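Structure first, commentary second.
The values are calculated or read from the model by the stated rules, or taken from the named source; none is laboratory data. Just so it is clear, the structure is predicted and the values come from calculations on it, not from any experiment. Backbone-built Cβ (ideal geometry, glycine too); neighbour counts: all protein chains shown. The area values use the complete protein model at the heavy-atom level, side chains included, leaving out ligands, DNA and RNA. Shrake-Rupley method; radii C 1.70, N 1.55, O 1.52, S 1.80 Å.
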Amino acid sequence: DSGVTQTPKHLITATGQRVTLRCSPRSGDLSVYWYQQSLDQGLQFLIHYYNGEERAKGNILERFSAQQFPDLHSELNLSSLELGDSALYFCASSATGGRNTEAFFGQGTRLTVV
Amino acid sequence: GQNIDQPTEMTATEGAIVQINCTYQTSGFNGLFWYQQHAGEAPTFLSYNVLDGLEEKGRFSSFLSRSKGYSYLLLKELQMKDSASYLCAVEPSNDYKLSFGAGTTVTVRA
């Protein structure tokens with residue numbers, strides 16, 4: 001158990017809908033990262049928050065947004081869902097937002113868009 | 001951006017040694033991570049290299065050559081539980097986006 005908690009574990013929803021994925025980082029970790037993993041594209045970095053502020057943004061679609069709250073948990077919002085958004089979404093956390101920092105991954109949320 | 005290459009699949013026998021290569025091209029490089037991921041599970045940290053050379057950690061070792069843009073992960077005394085995907089990830093020096101390779105699926109056979 002990495003100490004990173006993601007909910008829900010599984011989510012099935014229809015195209016056009018909006019969902020919210022939640023992540024609780026390890027106790028004391030200030031950084032939260034979101035990744036998308038689909039079969040054909042591997043693990044893709046979406047966004048990184050450090051202590052409530054956005055630090056880096058990857059190839060995140062405009063339909064997707066995220067935030068990190070004062071208690072350091074984070075949410076990833078996916079809207080106007082398309083079939084291609086079906087993937088495993090991982091959250092990871094690390095102690096700091098700096099370099100040389102090991103990230104601990106949650107078990108992921110498997111999103112299926114039908 | 002980063003361009004990261006690693007083989008798609010490798011197969012080896014229990015007790016053997018396997019070497020997974022990772023080459024990268026990046027505009028700015030700080031360090032390289034290796035993660036292990038079992039099917040349907042979360043990636044777990046294996047190693048981190050920032051300086052040239054070999055880092056040994058039990059049955060797993062990781063090597064880095066910054067000048068060649070090359071790393072490898074060496075798995076020794078393979079066990080069935082080592083069957084997994086191994087992900088190479090490059091940490092750039094100019095931003096905080098960790099870029100992962102597509103992963104190498106290692107299958108260990110009895």
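Regarding A:Ser31, is this residue over 13 Å from the mean Cα position of the chain (by Cα), of a type in the set (S, T, N, Q) and either within 10 Å of another protein chain (Cβ to nearest Cβ) or surrounded by fewer than 13 Cβ atoms within 10 Å (Cβ to Cβ) (or both)? Answer is no for this residue. Close contacts from region B:89-110, counting a first residue that is basic (Lys, Arg) and a second that is modelled with pLDDT under 95, with Cβ to Cβ under 6 Å and a gap of 6+ residues or different chains, come to B:Lys97/A:Phe45; B:Lys97/A:Ala56; B:Lys97/A:Gly58.
Is it the case that some residue within region A:77-88 is in contact with a strand residue (DSSP E or B) (Cβ under 8 Å, 6 or more places away or on another chain), assigned to a strand (DSSP E or B) and of a type in the set (S, T, N, Q)? Checked region A:77-88: at least one residue is in contact with a strand residue (DSSP E or B) (Cβ under 8 Å, 6 or more places away or on another chain), assigned to a strand (DSSP E or B) and of a type in the set (S, T, N, Q).
Screening B:Ile17 on (1) closer than 25 Å to A:Arg110 by Cβ; (2) open to solvent by 10 Å² or more (accessible area, probe 1.4 Å); (3) of a type in the set (Val, Ile, Thr) shows it passes everything except condition (1). Across region A:97-114, the qualifying residues are those that are open to solvent by 60 Å² or more (accessible area, probe 1.4 Å) and either more than 18 Å from B:Ala42 (Cα to Cα) or among the polar types (S, T, N, Q) (or both), and the one among them that is farthest from the other protein chains (Cβ to nearest Cβ) is A:Val114. For region B:57-110, the strands (runs of 3 or more DSSP E) that sit wholly inside it and include 2 or more residues that are open to solvent by less than 60 Å² (accessible area, probe 1.4 Å) and more than 14 Å from chain A (Cβ to nearest Cβ) are B:60-65, B:70-75, B:104-109.
Would you be able to say whether some residue in region B:46-56 is open to solvent by less than 70 Å² (accessible area, probe 1.4 Å), touching a Ser or Thr at 6+ places or on another chain (Cβ under 6 Å) and either modelled with pLDDT of 95 or more or not hydrophobic (A, V, I, L, M, F, W, C) (or both)? Yes, region B:46-56 contains a residue that is open to solvent by less than 70 Å² (accessible area, probe 1.4 Å), touching a Ser or Thr at 6+ places or on another chain (Cβ under 6 Å) and either modelled with pLDDT of 95 or more or not hydrophobic (A, V, I, L, M, F, W, C) (or both).
Select from region A:42-59 the residues that are free of Cβ contacts under 8 Å to residues at least 24 places away in the same chain and part of a loop (DSSP other than H, G, I, E, B) and write down the one among them that is farthest from A:Ala92 (Cα to Cα). Among those that are free of Cβ contacts under 8 Å to residues at least 24 places away in the same chain and part of a loop (DSSP other than H, G, I, E, B), it is A:Asn59.
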